[in-house]
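See below for the structure under consideration.
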Amino acid sequence: MKDSRAIVFLKGALLCGAVVLYLWSLATPPGLVAAVVGTLGAALVAHRLEDAKLRLLSWVVLGAGLGLTGQLAAGVLSAFGSFLPPWFTLMTADALVLGLTTFGFFLALRLLSSRWHVFSIVELAVVVGAVAHAFADHRHMRIHQPRFLSDWAWSHGIEPEPVLSVLGVTAMAVSALLLLRASRARRLLAMVALFLGGILVLLLGEQPRLDVPKADELGVRSNNSDDDQNKNDDPKNQNKRNKPPEPIAIAVLHDDLPETDVLYFRQAVRSKLVGDRLVEDPSGTFDSDVPTRFPAGSPVQVQTPQVPEFHRKLHTSMFLLVDHAQLFGVGFPEALTPVPNPNPRRFVAAYDVDSQFLIRPIERMLGRGTVPAEWSPAQRAHYTEYPPDPRYAELSERLVRDVDPRFVGDDVVKALAIKQYLEKEGFYSLKDKTLEGSDPVAQFLFGDLHGYCVHFAHAAVFLLRSQGIPARVAIGYGVQTQQRGAGSAVLIFANEAHAWPEMFIEGVGWVTFDIAPERSDEPPSPHVDQDLEAALGELARKPPPDTLEDSTPFVIPWALLGFGSLALVSGALVLAFGVKLVRRFGRGSHRRVYRAVLDALSDVGQPRRYGESREHHAQRLAARAPSFVPLTSAHLALAFGHDDAQARAQVDALARATRQELRRSTPFLLRLAGFFNPVGWWFTR
Amino acid sequence: MMTTKDPMSAPLSTLDEVRAIAARLRDRMRYDVIGRDDIIELVLISLFADGHVLLEDYPGSGKTTLAKALGHAFVEEPEDAHGIATFRRVQFTPDLLPSDITGVTIFDTTTNVFTFRRGPVFASVLLVDEINRTSPKVQSALLEAMAEKQVTVDNVSHRLGDLFFVMATQNPLDSVGTYPLPLAQLDRFLFKLTMKHIDPVSELQVLKTWGHPRVAMELPKVHRAEVVAGRALLREKVFVSQEVQQCLVDIATALRDTKRTRQGVSTRSLVQAIPALQTRALLKGRDYVSSDDVEALAFPLFAHRLELMPGVNADALVRDALRGPVDKLARSTIGVE
């Protein structure tokens, strides 16, 4: 059955969609366009070539050849294209490689699957794999990925899970319908039904509006946009300020809380200088002491340089109330362990945090150096790099010049002097819009010093680095301890998002070095609703009553299953061999004798086929067992004819002869396999 | 000329004797018609099964030669009491009238009585050429003859011979100005045989032997009465088991129940199939009907009786319908007794 043109286009479009999903984050725009054109072209050309008489290998060679040609052309282009602008070379090479590779690959695949239906499964796997690839981060029902979809759903008040499920299932079903062969009308009907079903599920899914806060209003998308980062880092967007703060997580402390004004819940650090600002180190070589991965299944552990005598170990449990991109933990988290969500309707995710918590004041660290001797030059350079603006060094020199002469040269004192300057002179304000544009840190620091935490943190880090002190910006949440209740649960609100500097002190590790400007135009944040905090803490500690029965986790009885299936299999084997033996020694009637011979044939893979007459079966095997033909005749004479004494007498002898001939004509290994074949008789017909 | 024993004096008693008669007929026909052994066998089966044959093929493919060979394989006997000739041939044309084949009553002026003049239908082997070229009126006149072995003219029924065997031909392609046989009429034919062109080797053989003196005259001939006696004997002696009958019913059910046919096969076709199967078993040297016979005869027996839905291939349909019943039949031979 040849596909109609519309179906060919639809299939091509489907494969294009898969290609786009695969290449979206990898290819340049021209490469993407070339890949789409190549895929669609392959589908159309394959349709045209469907009847061409070529062998399987030819298609594969053709496809691989086209892909190689693309690679070669791109290589030639980049080797001899030095006189061309680099962007042109890059994009042309990308377009060539992707266009030709996709064309070759899909041409071969489409042709193969039009010839051998089994290859449709490969096509199906490609398409479904693309969707699965896009949804791969959507695991454990904890994080709703891909974010562009889940964010859209959240912002429309729809549960993302049904949206993702419907999309995934629809994509798979549509692909299966399109790629696997079916009659055209039935396919069309099924597709319409699927479409309507999908819409229905979406409509139904829209009914239960969520009571959890919406993620995109919380400003927690800290790692999504690279441009204008400082602005996006600002969690307290002005237009949201008149709303009450949204709770985003509750932390349950399992130990007594050390004396502290602010509890810092760190989520990420930024130490890599790019242009005029700091970003998270993309290489992963630095900041390896900060856990960034979500603990999916097994705990995430990191090595921290925190020295134990200055720290205390803290064990906390975190319960996220909203979808959150990165995890955060109090102090310096060392290990994140996923725990069962006690109340999935209330919490998005739950995990335990083991962290180091600094318990000594910074004054106790005077006299210590900052850059450890064991650091590599690269590490040292990484943490002390600051923008090539001479004003940073000038300012920091001026600040450290004024310190008490007893402490000249002490890095900690230098740092304190910088902190003092920023706290005294700085003015905390969320209203200042002049800080947008290029180099907002310099604008802030060498301007009127009006800014908020991100500016203070960056300014402090750059000043520290200009003095050769390793420092980085940490982001997360800073919770004022005065404003919380006495309970062991700490409620974290969206408006407590914060950025603060960390500096490295030898023999201590990273030290939280927050700048708290003395002047501010922000009203003091309201006291936390202690009832809410306590209630949520309760909820986190124990599961809701209606899910109590789930508290004992179901353990799969592997041993029982294993032994059970073993017993079942061996029982079946014994039974099968028993049947085989009984039938093998069938005597007394021509039917049993003949059946025994048929069993022997089935054992070596020569049963009668469905719809084949006894005579044809015998003729088919005449070369291997010539006596089988007269045996079959005698058997049929007895079965269909009169009771024939002569035939009756012959059956036993002929059966013996047939068996002997079969033994002689069957290779030894096959005979051995037939001897141990427990289910041969099952195929006797 | 070698003569055979007088069939009246020593009636047939064993199947081997019937088989010998069939072999004599076959040998003579094979001598005259080269490269058509399969068709000759089916014609013989039809002859012994008391059925009629519709041959469908292209002009000049040897239909008439085949029919004549059969006619000439019988011993020329003086027209018996019924006045039945051994072999007659009628060319059907649109202007033919029923009386042209059945015969007419004419007034004899010398004796002043009406006498019946027999038409060509009063023959043991009747070749009806281009049966679809004549009007339904003539076709249905032939129908009575085929079904009842008698013709009725002026309210008087005249018996045809016991051996009455019709071989009709039609051209499958040249259908302009024809009256295609209705299904009811097709159902009267035991087999519809489609003759393919013979293979090149046989064709060359035909050219070589054409016009040479025929040694076939030396081969033994057959008495018409022998065939009639053979029919009766094989019907009695060749065993048709319950399972084989069940298989036939299963095939008929499969052909009726499928959505690919508008009309399945008739019960008459099953009734007619039994002697055909018996004859084939006999020709194959058996005294019982086996699944092999069912498989071999299913297509010529059933394919022409089906009214198919558009686009359905009768060959494939019969093949598919056979599969289940034949499998069941085969299974029955090793099942519990």
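The values are calculated or read from the model by the stated rules, or taken from the named source; none is laboratory data. Please read these numbers as outputs of a predicted model, since none were measured by experiment. Positions of Cβ are backbone-derived with ideal geometry, glycine not excepted, and every protein chain shown enters the neighbour counts.
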(request) Among what's in segment A:86-129 and is polar (S, T, N, Q) and at pLDDT 85 or above, pick the residue that is surrounded by the fewest Cβ atoms within 10 Å (Cβ to Cβ). (result) A:Thr101
(request) Tell me, yes or no, whether segment A:657-680 has at least one residue that is within 14 Å of chain B (Cβ to nearest Cβ) and surrounded by 20 or more Cβ atoms within 10 Å (Cβ to Cβ). (result) no
(message) Please verify whether B:Thr178 is part of a loop (DSSP other than H, G, I, E, B) and surrounded by 13 or more Cβ atoms within 10 Å (Cβ to Cβ), treating the condition exactly as stated.
(response) yes
(message) Any residue that is at the interface with chain B (Cβ under 8 Å from one of its Cβ atoms), surrounded by 13 or more Cβ atoms within 10 Å (Cβ to Cβ) and within 25 Å of A:Phe676 (Cα to Cα) - is there at least one of those in segment A:569-582?
(response) no
(request) May I ask you to say which residue of B:Gln242, B:Gln205, B:Gln185, B:Gln170 is touching a residue at least 12 places away in the same chain (Cβ under 8 Å) and surrounded by fewer than 16 Cβ atoms within 10 Å (Cβ to Cβ)? (result) B:Gln205
(request) For residues that are of a type in the set (Asp, Glu) and in the same structural domain as B:Ala252 (by TED's automatic domain parsing), scanning just segment B:295-337, find the one that is nearest to A:Trp682 (Cα to Cα). (result) B:Asp327
(request) Select from segment A:635-650 the residues that are surrounded by fewer than 23 Cβ atoms within 10 Å (Cβ to Cβ) and within 14 Å of chain B (Cβ to nearest Cβ) and list them in ascending order. (result) A:Leu638, A:Gly641, A:His642, A:Asp643, A:Asp644, A:Ala645, A:Gln646, A:Ala647, A:Arg648
(message) Condition first: within 10 Å of another protein chain (Cβ to nearest Cβ) and touching a strand residue (DSSP E or B) at 6+ places or on another chain (Cβ under 9 Å). Can you find one or more residues in segment A:614-626 that meet it?
(response) no
(request) For segment A:242-284, name all the residues that are among the aliphatic types (A, V, I, L, M) and assigned to a loop (DSSP other than H, G, I, E, B). (result) A:Leu257
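Can you name every one of the strands (runs of 3 or more DSSP E) wholly within segment B:61-160 that holds 1 or more residues which are touching an Asp or Glu at 6+ places or on another chain (Cβ under 9 Å) and without any contact (Cβ under 8 Å) to a residue 24 or more places away in the chain?
Filter on segment B:61-160 gives B:113-118, B:150-153, B:156-159.
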(message) Out of the residues in segment B:317-327 meeting the condition of being within 13 Å of another protein chain (Cβ to nearest Cβ) and of a type in the set (A, V, I, L, M), tell me which one is surrounded by the most Cβ atoms within 10 Å (Cβ to Cβ).
(response) B:Ala321
(message) Tell me whether segment B:278-290 contains one or more residues that are assigned to a helix (DSSP H, G or I), within 14 Å of chain A (Cβ to nearest Cβ) and among the acidic types (Asp, Glu).
(response) no
(message) Can you say whether A:Tyr610 is buried (at least 16 other Cβ atoms within 10 Å of the Cβ) and within 10 Å of another protein chain (Cβ to nearest Cβ), as far as the supplied structure shows?
(response) no
(message) Being touching a His at 6+ places or on another chain (Cβ under 9 Å) and not hydrophobic (A, V, I, L, M, F, W, C) narrows it down to one residue among A:Ser488, A:Ser466; which is it?
(response) A:Ser488
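From the list B:Pro275, B:Pro310, B:Pro300, exactly one residue is away from every other protein chain (no Cβ under 14 Å) and modelled with pLDDT under 90. Which is it?
On the way: B:Pro275 fails: modelled with pLDDT under 90; B:Pro300 fails: modelled with pLDDT under 90.
Within the list B:Pro275, B:Pro310, B:Pro300, the selection yields B:Pro310.
Collect the residues in segment B:251-267 that are touching a Gly at 6+ places or on another chain (Cβ under 7 Å) and either within 14 Å of chain A (Cβ to nearest Cβ) or not aliphatic (A, V, I, L, M) (or both), keeping them in residue-number order. Give the derivation first.
Filtering segment B:251-267 down to residues touching a Gly at 6+ places or on another chain (Cβ under 7 Å) leaves B:252, B:254-256.
Passing the criteria: B:Ala254, B:Arg256.
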(message) If I filter segment A:362-372 for residues that are closer than 30 Å to A:Leu539 by Cβ, within 43 Å of the chain's Cα centre (by Cα) and exposed (fewer than 15 other Cβ atoms within 10 Å of the Cβ), do I get at least one hit?
(response) no
